[in-house]
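Please read the structure below before turning to the comments.
The values are calculated or read from the model by the stated rules, or taken from the named source; none is laboratory data. These figures come from a predicted structure and were not determined experimentally. When we count neighbours, we look across all protein chains shown, and the Cβ atoms used for this are built from the backbone with ideal geometry, even at glycine. Keep in mind that these areas ignore ligands, DNA and RNA; they rest on the heavy atoms of the full protein, side chains included. Shrake-Rupley method; radii C 1.70, N 1.55, O 1.52, S 1.80 Å.
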Amino acid sequence: MALKVKAQEKLQKIGKYEGTYRYIMMPELYTSLSQDKVIKEAALRSGVSKGVMQACWDAAGEVIKAWATEGHSVALPGLGTMRFGLRAKSVAKVDEVKAGLVTSRRIIFTPAVDLKDELANTAIQITCYDRDGKEVKRVTSTDPGTVEEPDNGGSTEPTPSGGNGGNQNGGYNGPNGD
């Protein structure tokens with residue numbers, strides 16, 4: 001199996017390369033799988049009925065949502081963990097702290113080591129198309145398969161624990177640095 005990518009020659013309309021044609025890479029988008037299809041496949045693989053799988057799916061989703069909104073980092077089987085976090089402005093004095101400092105709420109996903117390894121070991125197949133849509137070249141990756149770490153400034157260096165490299169409080173370092 002491989003990740004399929006297309007490199008399309010496109011005229012750049014803004015920026016450093018404005019007025020020139022450049023090959024822009026993007027993933028080949030597959031169709032979005034419906035929840036029903038995923039549940040049907042999971043039921044088939046596990047040997048339980050689709051109705052039981054649907055009930056489990058719904059219950060797991062409600063539990064994950066409830067626990068994550070209470071501040072927990074919640075395990076997603078075989079995938080990693082998810083938690084909520086936020087971005088906020090800092091202030092110098094405690095009397096300046098207010099809810100208006102919060103600039104955005106975030107969902108933070110930290111992939112499991114096994115999932116990152118699977119991605120790192122998956123080949124990338126690139127199909128190149130010229131500006132007229134004609135296929136002109138095919139390339140298969142020989143890169144080291146570096147996987148970017150989420151939520152730590154885009155570093156591609158994995159952390160020793162396989163974690164996300166950021167603090168676990170969604171951007172807040174408490175008085176003890178935790």
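Some notes on this structure:
- Our summary gives segment 7-83 a relative contact order of 14 percent, counting only alpha carbon pairs under 8 angstrom and 6 or more residues apart.
- Segment 1-56, accessible surface, carbon-and-sulfur percent (1.4 angstrom probe): 60 percent
- Among the listed pairs 6/89; 16/134; 37/116; 4/40; 65/89; 65/93, those with a Cα-Cα distance over 28 Å are 6/89; 65/93.
- Among the trypsin sites (Lys or Arg not before Pro) in segment 32-132, those placed in a DSSP loop whose Cβ has at most 12 other Cβ atoms within 10 Å are 89, 93, 98, 131.
- Accessible heavy-atom area order of 11, 101, highest first, probe of 1.4 Å: 11, 101
- DSSP-assigned coil residues among chymotrypsin sites (Phe, Trp or Tyr not before Pro) in segment 16-76, each with at most 12 further Cβ atoms within 10 Å: 17, 30
- The share of accessible area on segment 78-125 that comes from carbon and sulfur is 56 percent, using a 1.4 angstrom probe.
- In this structure segment 1-51 gives 85 Å² per residue of accessible area when probed at 1.4 Å with all protein chains present.
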